[in-house]
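Q: First the structure, then my questions, so here it is.
What follows is calculated from the coordinates using simple rules that are stated; it is not laboratory data. Since the structure is predicted, the reported quantities are computational estimates derived from the model, not experimental observations. Note that each Cβ is placed from the backbone with ideal geometry, even for glycine, and that neighbours are counted across all protein chains shown.
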Amino acid sequence: MSLANSSKDTPPSKEEIYQAFLRSLRRRRGFGIVFMQCPPAEAKRIIGRVHQDLPQKQIATLTLTEPIDNLYDRVEKILDRDQLSILFIEGLEKSLEAYIKPGYRGDGDYYNLDTVPSILNHLNQRRELFRDHFPTLCFVFVLPAFAIKYFIRRAPDFFDWSAGIFDFSVDIGGNDFSDNVIQPGQNNINVGSGRPVDEEIDYFQQALQRQREIGDRKGEADCLSSLGNAYRSLGQYREAIDYLQQALQIQQ
């Protein structure tokens, strides 16, 4: 199966992305993990709008102003956390910056593969603890592109539990992406496996069929999320949204 010559869909607008994001938060009941990619100023606006659009939800924001290596303890200390439905977490990228070295020969940031950042190691090891001790809480991590890439590469166990990435780095016209995002055709390699994306799609289509045959709903959701992210990297946004929404419906 080759997607090299497939036509590209028009990227969704910011409003379409926001409405999909809002639906996922509105429908969610209980524990969840969501990633939101956008600049800090845009994040403030979106969070404020979510407060207005979901008055039935109890929403809070945890803003981190310095590096940390233990998020669980920070969440546990939040007053009335058991009453919360959604917790936005801002500033976690500060805990990753010390692990990134300047790029060489203009190649951009170099992700230090020799060491797993303490905070990512913490999240990988304690994801079940987050689920079991905060069963009513949906965590929304607000991060720039480099930090989300770091999660994918160095905290795959934690990232696998997420409902996907809602990318608000689309410009006002809704047709372009910022320089921090891999453009379709620039690097169609899956960061987890190193396979070309068309091979990755073949692999997860077959895996999806197997998971459905054996009735493994979690495995089915994981495959759907992986397919959504693969189609997104190719610029086929409608297919990406369709697969990610199917995954969300299973995870809710």
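Q: Full extension from Asp73 to Glu15: what is 0.36 nm times the residue separation minus their Cα-Cα distance, to one decimal in nm? Intermediate values should be presented prior to the final figure.
A: Values: separation 58, 0.36 × 58 = 20.88 nm, distance 3.48 nm.
Fully extending the segment from Asp73 to Glu15 adds 17.4 nm.
Q: I need Asp157, Asp242, Asp222 ordered by Cβ neighbour count within 10 Å, fewest first.
A: Asp157, Asp242, Asp222
Q: Can you list the residues, at least 5 places off or on another chain, whose amide H is less than 5 Å from the amide H of Ile89, using H built in the peptide plane?
A: The list, which skips near neighbours in sequence, is Leu62, Val140, Phe141, Val142.
Q: In what sequence do Glu42, Glu66, Glu90, Glu76 fall when counting other Cβ within 10 Å, fewest first?
A: So the ranking, lowest neighbour count to highest, is Glu66, Glu76, Glu42, Glu90.
Q: Can you put Asp198, Asp80 in order of Cβ neighbours within 10 angstrom, beginning with the fewest?
A: Asp80, Asp198
Q: So what is Rg over Rh here for segment 29-162, counting just Cα atoms and using Kirkwood for Rh?
A: The Rg/Rh ratio comes out at 0.98.
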